[in-house]
1. Which whole-number value in Å³ per residue fits the convex hull of the alpha carbons of segment 342-411?
2. Rounded to the nearest 5, what % of DSSP beta bridges with both residues in segment 276-418 are antiparallel?
3. Relative contact order of segment 117-218, please, whole-number percent, based on alpha carbon pairs below 8 angstrom and at least 6 residues apart.
4. When only Cα pairs under 8 Å and 6 or more residues apart are kept, what is the percent relative contact order across the chain?
5. Taking the chain as the reference, fit the longest principal axis to its C-alpha atoms, fit the long axis of helix 11-23 to the helix C-alpha atoms, and give the angle between the two in degrees, 0 to 90, nearest 10.
6. Per the helix-only calculation at 222 nm, which mean residue ellipticity applies to the chain, given -39500 (n - 2.57) for every DSSP H run of n ≥ 4 and division by its residues, nearest 500 deg cm²/dmol?
7. Any chance you could get the radius of gyration and Dmax over the Cα atoms of segment 63-105, in Å?
8. Give me the tail of P(r) for segment 276-418 as a percent: Cα-Cα pairs with distance above 26 Å.
Amino acid sequence: MEGYLSSGPQKADKDAENQKNKQEHPRTRIETDAIHVGQEPERWPGQAVVPPISMATTFKQLEPGKPVLYEYSRCGNPTRQCLEECLASVEKARYALTFASGLGATTTLMFMLKSGDHILSIDDVYGGTGRLFRRCMAQMGVESSFIDMSTDASTVVKHLKPTTRLVWIETPTNPLLKLADIEQIATAVHKHDPKIMVLVDNTFATAYFQNPLKLGADLVLHSLTKYMNGHSDVVMGCLMMNNEEYYKQLSFLQYAIGAVPSPFDCYLVNRGIKTLAVRMKQHMANGLRVATYLEQHKHVERVIYPPLESHPQHDLYKKQMSGFSGMISIYLKGDEVEKSKRFLGHLKLFTTAESLGGYESLIELPAVMTHASVPEEHRRQLGITDGLIRLSVGLEDVQDLIDDIEAALDFAFSSTDAK
Ligand SMILES: Cc1ncc(COP(=O)(O)O)c(C=O)c1O
């Protein structure tokens, strides 16, 4: 890694200085940071209140080899930089780096590893992350293993190997909404070996409800595609951190690998993040109403939603999160895929589609959609059965959403009974 860095431009140093200066400013609260940090009108000619989109791929140099602030847009861009500063502030991080997708961020991080290294991952990891570890990283000689991290930190430590370089936590998980104790795991892993990186995929919780760096994690990943942008119109990811050395290495990899987002997409996410706080409060209010309604429904076997007291890790939820998004998983009675399909097919407001976290309500069957790439045996062990349904509760009127679900459940179960 040393060799990599010494051969690159001084971009990382320059960016680190910029971002560090920002982070040393007195901190306000997330609602204020999301609107103001990185958005100062003084940084743009004409003092634009809304950051302009800078589409230039290249920037004039004062003399050969003497760029002013930026040189080539893959290495750095004004619109991307104002987004990265804003993102770092909402996650309470010193640094943020953005990528062309959440998986683009993960892939870039993989270049911190080398053949022979080991990744210890939570078992119920997002299907695409698991596929990257199992199918792509294995080919590069990086081994991975998957364990239940919802029990206690000693289980995680027991599975560490001398070659473990990265512990991958996702909490709450997708789609089973299992929680892992970030503080306990990070403390135990770092005690075992401070050089092991502990990463938390914070996509489902968002920076509004959970800040893993404050709990001891080294790195936070977001699929910005989801709640952080919140409008289902951009695919993007980011990595956030406090450690300057990790930042320098990842900043180098960001430009060396080139999985960077477009300035237009950066503009959109920068706009989306402005309303993160108000959106998340409403997602939580709607999610709780829908989960509570579903929990008492005669056709519903089980509802998984961390804010409900029935969630097996409700105490941990209260300890490390200040709320939760609109993600709910349910099992219908009978656990039959045909019944689930009839239910989804009859909904009018919930759209059957992959992805989540937008203002609109979505619904899906993980076993045949988002998690189809998880080996069947592994799916069965985890509980991702054909009858598991995942809802992303949006910002529509909540009674309209409940009425929609009620009508579709009635239809799904009455037509089964009729057969
Ligand atoms: C928890 C989680 N992490 C990472 C990703 C990957 O993000 P992207 O789709 O932006 O590549 C997803 C995508 O669904 C996800 O749900």
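1. Numbers: hull volume 5.8 nm³, N = 70.
Once divided by residue count, the hull of segment 342-411 is 83 Å³.
2. Numbers: 12 of 14 bridges.
For segment 276-418, the DSSP antiparallel bridge percentage is about 85.
3. Values: 170 pairs, mean separation 29.3, N = 102.
RCO, segment 117-218: 29 percent.
4. Working: 802 pairs, mean separation 67.7, N = 419.
RCO, the chain: 16 percent.
5. Between helix and principal axis, roughly 70 degrees.
6. Only helices count here, giving -11500 deg cm²/dmol.
7. 12.5, 38
8. Values: 2189 of 10153 pairs.
Here the tail beyond 26 Å accounts for 22 percent of pairs.
Every read-out reported here was derived from the displayed coordinates using simple, explicitly stated rules and does not represent laboratory data. The structure presented is a predicted model; accordingly, all values stated were derived computationally and were not measured. All Cβ positions, glycine included, derive from the backbone under ideal geometry; neighbour counts span all protein chains shown.
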